[in-house]
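Encoded as structure tokens, the structure appears first; notes follow it.
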Amino acid sequence: QVQLVESGGGLVQAGGSLRLSCAASGRTYWYTMGWFRQAPGKERDLVAAISWSGGTIDYADSVKGRFTISRDNARNTVYLQMNSLKPEDTAVYYCAAANVARTYYFNPAGFGSWGQGTQVTVSS
């Protein structure tokens, strides 16, 4: 069972940037990794996903052009660079690993290992 620890959240003004990191304790090399977010009173939404090789990447429409997902397999770490942040980006952000190796998912049902989350707050 892989364990995931997010960091990098915080309070930022609208238009600012943050970089989230997700450190994995187990091997995630062969697994699609994703970032989700959940705002108060709302469902957890998939924001971005990256395949094990980094060759396939997808984003939710709401963050396209502003967020960038990347991974460093040598360090077992996944990143989410968030630019041009908006108040509506305020949420708890979670890192997740896919259930099945060597399979790409851009579907929440494909993910089964979760971090504890990191709070991102964007002030207007």
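The values are calculated or read from the model by the stated rules, or taken from the named source; none is laboratory data. Predicted model only: the values in this text are computed from it and were never measured. Quick reminder, even Gly has a Cβ in these numbers, built from the backbone with ideal geometry, and neighbours come from all protein chains shown. What goes into the accessible areas is simple: the full protein's heavy atoms, side chains included, and nothing from ligands, DNA or RNA. Shrake-Rupley method; radii C 1.70, N 1.55, O 1.52, S 1.80 Å.
Rolling a 1.4 Å probe over the heavy atoms of the protein chains gives the chain an accessible area of 50 Å² per residue.
Using only alpha carbon pairs under 8 Å that are at least six residues apart, calculate the relative contact order of the chain and give it in whole percent. Display every interim value, and only then the final one.
Details: 325 pairs, mean separation 44.8, N = 124.
Relative contact order of the chain: 36 percent.
Start at zero, step by 10 Å, and the Cα-Cα distances of the chain spread as 15, 51, 29, 5, 0 percent across the bins. As a fraction of the 1.4 Å probe accessible area of the chain, surface on carbon and sulfur atoms comes out at 46 percent. Taking Leu11, Leu80, Leu20 in turn, the Gaussian network model of the chain (Cα-Cα springs below 10 Å) assigns the largest fluctuation to Leu11. Annotation: for a label point projected 7 angstrom from Cα along Cα→Cβ of Ala14, residues of segment 33-59 with backbone N closer than 19 Å are 39-40. Which residue, Ala60, Gln3, Phe36, has the largest displacement toward the positive end of the dipole of segment 1-77 when charges sit on each Cβ (Lys, Arg +1; Asp, Glu -1)? Of Ala60, Gln3, Phe36, it is Gln3. Grouping the Cα pair distances of segment 22-76 into 5 Å bins from zero gives a pair-distance distribution of 4, 18, 26, 22, 17, 9, 3, 0 percent in increasing distance order. The string of couplings for segment 70-87 from the Karplus curve (6.51, -1.76, 1.60, θ = phi - 60°) is 8, 8, 10, 5, 5, 9, 6, 10, 10, 10, 9, 8, 10, 10, 6, 5, 10, x Hz, one whole number per residue in order, with x for Gly and Pro. Put a dot 7 Å past the Cα of Asn73, heading toward its Cβ, do the same for Ser7, and the two dots end up 2.4 nm apart.
What the Cα convex hull of segment 53-124 gives, in volume per residue, is 108 Å³. For segment 8-24, putting each phi into the Karplus relation 6.51 cos²θ - 1.76 cosθ + 1.60 with θ = phi - 60° gives couplings of x, x, x, 9, 9, 7, 4, x, x, 10, 9, 10, 8, 10, 9, 9, 9 Hz, in residue order, rounded to whole numbers and with x for Gly and Pro. With the chain treated as a Gaussian network of Cα nodes joined by springs under 10 Å, which of Gly112, Gly55, Gly26 yields the largest mean-square fluctuation? Largest GNM mean-square fluctuation: Gly55. Label positions at Asp61 and Ser25, each projected 7 Å from the Cα along the C-beta direction, are separated by 3.9 nm.
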